[in-house]
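Take a look at the structure set out below.
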Amino acid sequence: MNEILEEAIREAYAAAPADTIPLDTLELWHKSLEVPIRVVRWPIEGPELTQFQLKLEDNAERNPGETVTFYGLPFNIVLPEKSQETPGEFEIAITGANDVIEPYLENAALSGGSITAIYRSYIRGREDEGPVVVWPGVSITSPSIDGSTGTITMKGSVLNWLNKKFGRKYTPGAYPAAVGRG
């Protein structure tokens, strides 16, 4: 399945007009952060990071419908393989992030609790329309930082079955048919 998805993405990129530039983004969150860490897949072009003003979807967990700042950093996502032998884990590598997000992720890792991420894709020039793809609920584990290269590597999973709570909370708001009538 992973190969089919990657092939479809390559075909879509090849068929897109030459001036269509996808902006892949990550939003990292932990309870120790005052604001999420937001990065765009973009090369470092000078001493100052490129800033992007991107509109979030109306149902975003944080800052819904608002235009927020993302910082351009090179990163890569290796999608999980779909097989019975692998747990659906993927890897995120963010390059050159020493001074930008390293202190925040280090603090998050030391203070415990889960780190989550949201993957979004935008089209350059149409950032004010919001993302064209949103992939929420990515559970991040094992963040590590290579001090010599400044590369932060993390593992993640969208379906984190091992850490899910058992059962479901049934509330009248979520399940109105479950409420008895007298």
Can you list the residues, at least 5 places off or on another chain, whose amide H is less than 5 Å from the amide H of Glu89, using H built in the peptide plane? Glu81
Can you give the local net charge around Thr141? Use residues other than it whose beta-carbon is closer than 9 angstrom to its beta-carbon, Lys and Arg +1, Asp and Glu -1. 0
Mind checking the full-extension length gain between Arg126 and Glu91? Use 0.36 nm per residue of separation minus the Cα-Cα distance, one decimal, nm. 9.8 nm
Gain in span if fully extended, Ile44 to Ser148, counting 0.36 nm per residue against the direct Cα distance: 35.7 nm
FRET efficiency for Asp24 and Leu110, using Cβ-Cβ distance with R0 set to 35 Å, rounded to 0.05: 0.80
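Quick note: the coordinates plus some simple rules give every number you see, no bench work behind them. Owing to the predicted nature of the structure, the values given are computational and were not obtained by experimental measurement. A quick note on method: Cβ atoms are made from the backbone with ideal geometry, for glycine too, and the neighbour counts reach across all protein chains shown.
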